[in-house]
Each structure stands twice: as C-alpha cells, then as structure tokens.
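The values are calculated or read from the model by the stated rules, or taken from the named source; none is laboratory data. No experiment lies behind these values; they were computed from the predicted model shown. Cβ atoms come from the backbone with ideal geometry, glycine included; neighbour counts cover every protein chain shown.
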C-alpha cells in the first residue's frame, strides 16, 4: 500500500541517505528507484537547498520532533507545485530515532482553488468599494454640475465664461462615464430588462475599450439590419468587456480584434442540445489575433476559476461571468480557437419581438414649473445645490437631511407637498423605509428617487413600492426640470 500510495513517502537515515521511497516519491523527483536508494539527500535536493532547508528539518526530526510545513516547490517532473509535507521520527524498539519518514501530498489544485476563491472574494469586495466610490463621486459631481447649470442660466449668450462653463459640463460628462463603468463593475444579476439596440451597444462598448487599450486595433462590421434584443444593458456590456479583456490577455504585445454583428435563424435541431429556444437571434462575433488555445483549454474556458493567466492577472471568473450573463438572457456563447491562430467568440442572443423605443426628446433648456417639493438627502452639498436648482425652476422647496426628519415633515406638510425627491442611501432610515412610510401616509404620493448609484436591484425594490421615477446624480437643470415635470404631470 505504501508503494502504490498517492502520497509520496520516503525513509532517510541518520546519515541523510535514502533507505526507501515509494513510486509517488520517485515520480516527484523524476528519479529511478535504483538511483535513489543509498543516495545522499543533498544529491537529490541540491547542496544549497539541503543545507539551508532540508538538513535543519531532518536534524529537528532526529531529535524526536515532528516537522510539518507547506510551500511551493519547483519539481523536476511536475513543475511548480504546492506540497503539504511532514517529517516523522522513525523510532526503534529501544525508542531511539534511526531516521526520518518523509510523507507528503501534492495539494496544488486545492491551493489554487483557495487562491481563486480568495481572489473572487477580493473582487467582490472591490466591486462593493467601487460602487461606494462611484456613488460618493457622483454626489461630488452633483455639486459641480448643479452650480455649473445655475451659472449657465445667469450667463448671457456670447459671455466669455460661457465656453469655459460648457467645457466644465463636458468634463463632468466624461467623469460620469467613468463612474458608470465603476457602477457597472459593481453590479450583478439581471435587473433592468429593456429592448436594446445591440449594434449601438456593442459599438459604444468598443469605443470605451479602445480608450483604455491603445495597443489594440479594433475592426468593426455591423449588419445594417442587426436586430434588437431584450436584456439588461449593464450586464451585456459587462459580458462584452470580459471577452475584450480576455482577448487583450491573449495579445500581450498588442494585436487586432474583429467585431461583427448579424442576424441568424437557429433551427430546432441546432439548439435542442443546449436548451435554447429556436428562432431569430442576433450573433455578436469577437475574434482576436492572439495566441489561441488548444482543445483541452477550449473545453474548460468557461469553467469558474479556470484561467490560463499567470498568477495575479485574473480570477478565472471573467469568461465564466460572461457565459452566465448570456445564458441568463436566454442565449449562449461558443468559442473556436487554435494555438497560434487566435480565438473567436460567438455570442447569440434571442432577437426581440418588440420595436426599439423611440428616443425621448430631451429638453435642451430647463422648463419652469410650480408646486412644493420636499428634497431629502443626507449630503449637505446636494441639499444646497438641489434647493437652488429647484427654486430657479420656480418650485418652493422644503429640505430634510435624513429619513426621520423627512417622514416628520411629510406628515405635517403633506397637504402642500406635491413631490418628494428622495435619496436612496442615507444613514439611519434608508430611502426604501422612508418611501414605505410616506406611502402609508398617502398612497397617492409622488416620489422621485435620486441616487449616485445607477439603476440596480436595490433601486428597483424601491421603485416597486411606489416611486414614480428615477433621477441619476449628477443631473443638470434641464434633466431635473424634465424629470420633475414628467412625475408631476403623471396621472
């Protein structure tokens, strides 16, 4: 049993020479049985490793102590492996120690899984942190955007400051794009399903990726009649980004990515094995000129925690996440690849039966209104600029800096409050709790939810209990006036 054991076992005497070794031990050191018996351990391990590490452990064990340790080792036959090793004293009948029994096990897969799980937990924590940073940053942008909007209403056409103020708004928009990417990274699940112009969505994601990876040339080819799909925009964008990042990893010196969209019709016999409904689909093909992969890797590419990247360059969750997102949308991903010839990922999503919604005509200039608004936010900066913006639009404003104060104010002033603009994340009572309490006070209340976070599951929960609309921070006077008017006029 010792000979055939999967654990590697050997016996070393007091002179540091091998007296026995099983097959697993011989395999680890890639040495035949006849060449190791009687061999000094320094010959097997090398003089430096023996003197610095192995000998002190054997000496301690020869004194009667058990020695246990784990670590990474470069093995002749197996490469870099993580071993769990123990040295046990070999006792004679008179209790003297005649040698050391070495017993070990290759636990590299377990160690890698532990590392990947730790990495996944770290990525989840980073996602939470990224969402919080984006939320707080959007609140800061709200102060800048609000005051810029107010200054622009007081600046006559042709004023020399007008160009600078428009420049500030452009920079704010670019900053908002960055925070949206952070918020997209922080999200999970399939929250806000809508009919999407997939051709436009793919192009926008390509443009975003281009800005961050200058060494890669992206070539686009979109069928003019590419159909629409029903899905969560943020999640599909995340799936595309994960595949782009995978392509980038496959082209460490730069290269080309080819992106194409087209309409296809999947017959029943084509999709039955993969549990996808037949019918019209949109296919997105992403092909890279990278190093490619062999069949063994290709078979495992969508497995959670499987990665070909070097340690520290990925969790192995990117493609698994993309696969899960697309499957969650009723579609599937396939990949074709050969070593040295790049990889081609095909995403197929069911075509929508709905027409793309007509783009709403956005107000370029703010429209004045009338009525009383209760503005609720725990950020003093947002309260100040929000109050000034609403007053500039013609509304009377009452402010509350937390949920409890908001509930008390609404209970006493509900007969004259026409609209509540409510922050989602506040200390103490949350936006959801405040909305529910006000809804109990007045089932017909008009609540406009405002947040530095984008639409997500938490927002949808609050929307479902009675909010009439959602306003993403930061917003300018025009978008504020449009959304307030929309909710105020809703029947």
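Checking residue 363 against (1) modelled with pLDDT under 70; (2) within 23 Å of the chain's Cα centre (by Cα); (3) on the phi < 0 side of the Ramachandran plot: exactly one of these is not met. Which one?
(2)
Residue 199 - would you say it is assigned by TED's automatic domain parsing to the domain that holds residue 334, crowded, with 19+ Cβ neighbours inside 10 Å, in contact with a strand residue (DSSP E or B) (Cβ under 8 Å, 6 or more places away or on another chain) and in a helix (DSSP H, G or I)?
Considered against the rule, which asks whether it is assigned by TED's automatic domain parsing to the domain that holds residue 334, crowded, with 19+ Cβ neighbours inside 10 Å, in contact with a strand residue (DSSP E or B) (Cβ under 8 Å, 6 or more places away or on another chain) and in a helix (DSSP H, G or I), residue 199 comes out as yes.
If we keep just the residues of region 427-453 that are more than 14 Å from residue 375 (Cβ to Cβ) and assigned to a helix (DSSP H, G or I), which is farthest from the chain's Cα centre (by Cα)? Before you say what the answer is, go through the steps one by one.
First, pick out the residues of region 427-453 that are more than 14 Å from residue 375 (Cβ to Cβ): 427-430, 432-433, 435-437, 439-445, 452-453.
If we keep only those that are assigned to a helix (DSSP H, G or I) as well, we get 432-433, 435-437, 439-441.
Working: 432: 25, 433: 28, 435: 30, 436: 31, 437: 34, 439: 35, 440: 37, 441: 40 Å.
Top of the filtered list is 441.
What's the number of the condition residue 378 fails, among (1) under 22 Å from residue 144 (Cβ atoms); (2) without any contact (Cβ under 8 Å) to a residue 60 or more places away in the chain; (3) not in a loop (DSSP other than H, G, I, E, B)?
(3)
Would you be able to say whether some residue in region 305-313 is assigned by TED's automatic domain parsing to the domain that holds residue 218 and at pLDDT 70 or above?
Taking region 305-313 as the starting set, the residues that turn out to be assigned by TED's automatic domain parsing to the domain that holds residue 218 are 305-313.
Right, trim to at pLDDT 70 or above and you get none.
Looking through region 305-313, none of the residues is assigned by TED's automatic domain parsing to the domain that holds residue 218 and at pLDDT 70 or above.
Okay, residues lined up against (1) assigned to a loop (DSSP other than H, G, I, E, B); (2) touching a residue at least 40 places away in the same chain (Cβ under 8 Å):
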| position | (1), (2) |
| --- | --- |
| 137 | no, yes |
| 143 | no, yes |
| 146 | no, yes |
| 149 | no, yes |
| 157 | yes, no |
| 162 | no, no |
| 169 | no, yes |
| 174 | no, no |
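Could we say that residue 349 is surrounded by 22 or more Cβ atoms within 10 Å (Cβ to Cβ), assigned by TED's automatic domain parsing to the domain that holds residue 452 and in contact (Cβ under 8 Å) with a residue 60 or more places away in the chain here? First the steps, then the outcome.
On the way: surrounded by 22 or more Cβ atoms within 10 Å (Cβ to Cβ): yes; assigned by TED's automatic domain parsing to the domain that holds residue 452: no; in contact (Cβ under 8 Å) with a residue 60 or more places away in the chain: yes.
Here the answer is no, as residue 349 does not meet what is asked.
Can you name every residue in region 217-253 that is loosely packed, with under 15 Cβ neighbours inside 10 Å, over 13 Å from residue 285 (Cα atoms) and touching a strand residue (DSSP E or B) at 6+ places or on another chain (Cβ under 6 Å)?
Matches in region 217-253: 217 only.
From 73, 88, which residue is at pLDDT 90 or above and part of a strand (DSSP E or B)?
Step by step, each of 73, 88 is checked, and only 88 is at pLDDT 90 or above and part of a strand (DSSP E or B).
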